[in-house]
Each structure stands twice: as structure tokens, then as C-alpha cells.
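Reviewing the structure listed below.
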Amino acid sequence: MVQYAVTLKDGDWTVFKDGQPVERGLSRSAAIQMAKDLAFESEERGDSVELLIQGYYGHLSRRVTGAGEGED
């Protein structure tokens, strides 16, 4: 399983892949779009994907694909 996350880190929205930063200094919408694009590419390769997106107030939304699960 590949994990992508969008979080607010040190005042910047950051995209992570498997816990490692991929891109920093993005707007939230750009970070979400990048994470969704990366997740789609992983899904196309047949990987299971977990996508975590932090809201403005700290709430996390989670989506898991490829393992027969949907959104929480």
C-alpha cells in the first residue's frame, strides 16, 4: 500500500508519500490536487492507496482504494 498525505507543516501545505515529503510550499488546493494525481497514478499501476487530507482545523479525511474499502 502506498500512502499519500496532505498536511499543514511549518505553515506550508506539504504532500507526503509514505511519510517522506514530496512537495512543500503549496496552496492547500494545489497540494490536494497533486496528492490525488499521484494516488491515481499509483492506482493505475495496481497499488492500493491510502489518501489522507488534513482540513483547515486539523481534521483528517481518509480514503483507501484498491483494498475494497471506501471513504471513512
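Rule-based calculations on the coordinates, nothing more; no lab input. No experiment lies behind these values; they were computed from the predicted model shown. Cβ atoms come from the backbone with ideal geometry, glycine included; neighbour counts cover every protein chain shown.
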Notebook entry, point to check: How far, in degrees from 0 to 90, does helix 28-44 lean away from the longest principal axis of the Cα atoms of the chain, to the nearest 10?
Noted result: 20 degrees
Notebook entry, point to check: What length, rounded to one decimal in nm, is gained on full extension from Ala30 through to Tyr57, with 0.36 nm per residue of separation minus their alpha-carbon distance?
Noted result: 7.9 nm
Next item on the list: Rank-order 53-64, 25-36 by packing density, defined as the average count of other C-beta atoms within 10 Å over each peptide's residues, highest first.
Entry: 25-36, 53-64
Check: Here are some values of Rg/Rh (Cα atoms, Kirkwood Rh): [x] 1.27; [y] 0.96; [z] 1.03. Which one was computed from this structure?
Finding: [y]
Checklist line | Dipole magnitude (debye, nearest 20) for the chain, charges at Cβ of Lys, Arg, Asp, Glu | finding: 240 debye
Checklist line | Linear extension gain, Asp10 paired with Arg45, 0.36 nm per residue minus alpha-carbon span | finding: 9.4 nm
